[in-house]
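Right, one structure below, let's go through it.
The values are calculated or read from the model by the stated rules, or taken from the named source; none is laboratory data. Quick caveat, the model's predicted, so the values are computed rather than measured. Here the Cβ positions follow ideal geometry from the backbone for every residue, glycine too, while neighbour counts run over all protein chains shown.
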Amino acid sequence: MTEQVVRLPLSTDTALDAPAEWEELRDRCPVAHASLPSGDTAVYLTRYEHVRSLLSDARFVRPTAKDNAARVAPGGVGGAAATGSSSALPDRGEPHRRWRRRVGKYFTAKRMAALRPGMAAMAEDLVDAMVERGAPADLRAGLGFPLPVYVICDLLGVPAEDRERFSHWSDTFLSVTRFSADEIRSAHEEFVAYMAGHIAAKRAQPADDLLSALIQGSPDTEDADDAEGLSDDELVATGMGLLVAGHETTANMIGKMVSMLLDDRSRWEQLLADPALVRTAVEEALRFDANLGFGVRRYISEDIEIDGQLVPAGSTVVCSMPAANRDEQAFTGADDMDLSRLPNPHLTFGAGPHSCLGQALARTELQVVLETLLTRLPTLRLAVPVAELRKTEGLLVGGLREVPVAW
């Protein structure tokens, strides 16, 4: 590993650009040292093969409070692991597989297809309201944020009118530098109390939603563990995790996807001419997104070798999925946005036993948004130059503060 230390997050010319350092790191120093915002040092991976291999290795998981891992944020605050919200959930082995199996069956592609008409109707209503208010409009505020929030709230059976509170709690969980330790601690306590009260209400009066189903379990299964519902602590942690993951990242991705497509007008025109490309275009937007956040951490619990170099036990590795997604060794023309790219094994949702549970939901929402905009607003355009789009700062996830559009 090089003695040169890369400082994360890397800077870019515009909010949509890839950092120039990625190419050099992949070529000359794929196993690098990186300084995190906390000042701690981690190992930084940028090659596709290395990132995919480590994310797929069941031995290594996100750092927990008991690990002496490199901290992301100053003071070690921010992030779900730091607040302890995930401590009730198993992170490895058969208990983790069982939890994923229980929750994951509610996020299958088949179930998401059944939700698609409702999502489409919701997206159309939001676009209508945005049009009625007139251009220019902020696509993130008018469509990108509310749609995923409404969908995940409906799935979990929580009131969508609390969405501003969810947004605040989510931001504190994902904070690197935006909130203080006291603000994060207070928000976590509020979120736990809210979700605990919601779980208690669902136990008393179950409904047709995911949390009610997880409370009741699967009495018709032969697996005794699956037959029982999750514990209150597991339910609270699951509900909090799904609310954070179920809206924040997708809300950000909607804005970035549309911005990338409108940045080069020929991309939008290509989709208007051939709407059948929507599915592959969504996958390519997910791959091409350079503003994803600086990566996912993995705690190395035993010595491993990466690219012929020893990474000792106790190390923290940052897997840069967006850098890996721009690796020419994995994707021909990696720095070009090819809306018909197939296959497209990008790593935006991770890989292996800890890949994103909600990826079918996110894909469906992104496809619905793109289909709706192409149909209802074919003349959509960015209302400002791409260089004026502003990144969301101070959070673990990347995004745009606003997406000004006109039509």
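Filtering the range 228-250 down to residues that are aliphatic (A, V, I, L, M) and farther than 14 Å from residue 169 by Cβ, which residue is nearest to the chain's Cα centre (by Cα)? Among those that are aliphatic (A, V, I, L, M) and farther than 14 Å from residue 169 by Cβ, it is 235. I'm told residue 140 meets every condition in (1) modelled with pLDDT of 90 or more; (2) of a type in the set (Lys, Arg); (3) within 29 Å of residue 201 (Cβ to Cβ) except one. Can you identify the failing condition by its number? The number of the failed condition is (3).
Would you check if residue 67 is of a type in the set (Asp, Glu), in contact with a Phe, Trp or Tyr (Cβ under 9 Å, 6 or more places away or on another chain) and on the phi < 0 side of the Ramachandran plot? Yes: the conditions hold for residue 67. Screening the range 30-110 for helices (runs of 4 or more DSSP H) wholly inside it with 1 or more residues that are modelled with pLDDT of 90 or more returns the ranges 48-56, 93-104. Is it the case that residue 173 is modelled with pLDDT under 90, among the aromatic types (Phe, Trp, Tyr) and buried (at least 18 other Cβ atoms within 10 Å of the Cβ)? Yes; evaluated as a whole, the condition is true for this residue. What are the residues in the range 228-259 that are surrounded by fewer than 21 Cβ atoms within 10 Å (Cβ to Cβ) and either under 14 Å from residue 403 (Cα atoms) or in contact with a Gly (Cβ under 9 Å, 6 or more places away or on another chain) (or both), if any? 228, 229 - these are the residues of the range 228-259 that are surrounded by fewer than 21 Cβ atoms within 10 Å (Cβ to Cβ) and either under 14 Å from residue 403 (Cα atoms) or in contact with a Gly (Cβ under 9 Å, 6 or more places away or on another chain) (or both). A residue that is part of a helix (DSSP H, G or I), of a type in the set (D, E, K, R) and either within 22 Å of the chain's Cα centre (by Cα) or modelled with pLDDT under 95 (or both) can be found somewhere in the range 371-381. Across the range 141-170, the qualifying residues are those that are crowded, with 20+ Cβ neighbours inside 10 Å and under 15 Å from the mean Cα position of the chain (by Cα), and the one among them that is nearest to residue 393 (Cα to Cα) is 170. Counting only helices (runs of 4 or more DSSP H) that fall entirely inside the range 126-221 and contain at least 1 residues that are more than 22 Å from residue 111 (Cβ to Cβ), touching a residue at least 60 places away in the same chain (Cβ under 8 Å) and of a type in the set (A, V, I, L, M, F, W, C), the qualifying elements are 163-173, 181-204.
Pairs are defined by a Cβ separation below 7 Å, a sequence spacing of at least 6 or placement on different chains, a first member in the range 322-341 that is closer than 23 Å to residue 11 by Cα, and a second member that is assigned to a loop (DSSP other than H, G, I, E, B) and polar (S, T, N, Q); the pairs so defined are 323/46; 324/46; 325/348. Taken residue by residue, the range 351-364 has no member that is of a type in the set (Val, Ile, Thr) and either part of a loop (DSSP other than H, G, I, E, B) or in contact with a Ser or Thr (Cβ under 7 Å, 6 or more places away or on another chain) (or both). Condition test on residue 387, is it surrounded by fewer than 17 Cβ atoms within 10 Å (Cβ to Cβ), of a type in the set (A, V, I, L, M) and modelled with pLDDT of 95 or more? Yes: the conditions hold for residue 387.
As for the range 302-309, it holds at least one residue that is at pLDDT 95 or above, farther than 25 Å from residue 65 by Cβ and either aromatic (Phe, Trp, Tyr) or in contact with a helix residue (DSSP H, G or I) (Cβ under 9 Å, 6 or more places away or on another chain) (or both). One residue stands out in the range 303-353 among those that are of a type in the set (Ser, Thr, Tyr) and farther than 21 Å from residue 40 by Cα: the one that is surrounded by the fewest Cβ atoms within 10 Å (Cβ to Cβ), namely 332.
Scanning the range 20-29 for residues that are hydrophobic (A, V, I, L, M, F, W, C) and either in a strand (DSSP E or B) or touching a strand residue (DSSP E or B) at 6+ places or on another chain (Cβ under 8 Å) (or both) yields a total of 1. Which residue pairs have Cβ atoms under 8 Å apart, sit 6 or more places apart or on different chains, and have a first residue in the range 275-295 that is among the charged types (D, E, K, R) and a second that is modelled with pLDDT under 95? Note: pairs meeting the criteria are 289/398.
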